[in-house]
Amino acid sequence: MLLEIPKILSAQELKAVRAQLDNAPFIDGKLSAGSAAQRVKNNEEVDVRSQDVQQLNNLVMTRLVENPIYSAAALPMKVAAPYYARYTKGMSYGDHVDDPIMHADTPYRSDISITIFLSDKTDYEGGELVINTQYGEHAVKLNAGDAVMYPSSSVHHVNEVMSGSRLVAVTWLQSLVREPAKRELLYDMYQVKEQLLQSAPDDENTKRLDRSYVNLIRMWGDV
């Protein structure tokens, strides 16, 4: 499932994030890439050893995990601290698939990739995130503060930035439900369930759907 999530960060929060990024130490993005990705990766990332990273994470990740759309669609179990990437003129990231296992303090499987846009789409030319789906390529370039989530198994790339500067936070997570098709079905059910709970909370069909949703998570959950 490819899903855009609006307004993860407010305008005031974005201002604070960008102020920290203005002074953060950026290093070659190849240093965090595997041998295959190194060949096609051309960007810069904030040094994870920097004190700025923890402050950024406290804001960015807090807002992400509090977002109800993210929680319902991703069903997160283990979430990684993000990388903060910068693409300036001439930079890009060629076709690649994200690593299947992320080697953090506790290794986890990458089921879902998330990009949070920190610079506005009018701040740079090019730089679209292009995700290969079963229906063809899908180019994503969102407003600052918005995010997109998609299966980590998808082949994707970032087009060359022609001018300006593209700032993003990128993270990955292991979901309670491994299979993308099942997560998409559950998210569809969740949306209908929430509407019925608002409009007809005591209706038997509402209760039946709520029970089915919960029990499908119980059946498919991988913990």
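The values are calculated or read from the model by the stated rules, or taken from the named source; none is laboratory data. It should be emphasised that the depicted structure is a prediction, and the values quoted were computed from it without experimental measurement. We place every Cβ from the backbone using ideal geometry, glycine too, and count neighbours over all the protein chains shown.
So the values come out like this:
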| item | result |
| --- | --- |
| Condition met for L129 (in contact with a helix residue (DSSP H, G or I) (Cβ under 9 Å, 6 or more places away or on another chain) and in the same structural domain as I101 (by TED's automatic domain parsing)) | no |
| Filter pass, Y124 being buried (at least 16 other Cβ atoms within 10 Å of the Cβ), of a type in the set (F, W, Y), modelled with pLDDT of 95 or more and more than 15 Å from L3 (Cα to Cα) | yes |
| Selected residue (criterion: modelled with the highest pLDDT) from residues of region 89-106 that are surrounded by fewer than 16 Cβ atoms within 10 Å (Cβ to Cβ) and of a type in the set (V, I, T) | I101 |
| Test: residue in region 28-49 that is polar (S, T, N, Q) and touching a Pro at 6+ places or on another chain (Cβ under 6 Å) | no |
| Hits in region 40-70 (condition: buried (at least 17 other Cβ atoms within 10 Å of the Cβ), β-branched (V, I, T) and within 30 Å of D188 (Cα to Cα)) | V60, I69 |
| Residue check, Y83 of a type outside the set (G, A, S), surrounded by fewer than 20 Cβ atoms within 10 Å (Cβ to Cβ) and under 12 Å from the mean Cα position of the chain (by Cα) | yes |
| Restricting region 170-213 to residues that are of a type in the set (D, E, K, R) and under 30 Å from Y87 (Cβ atoms), the residue that is surrounded by the most Cβ atoms within 10 Å (Cβ to Cβ) | R183 |
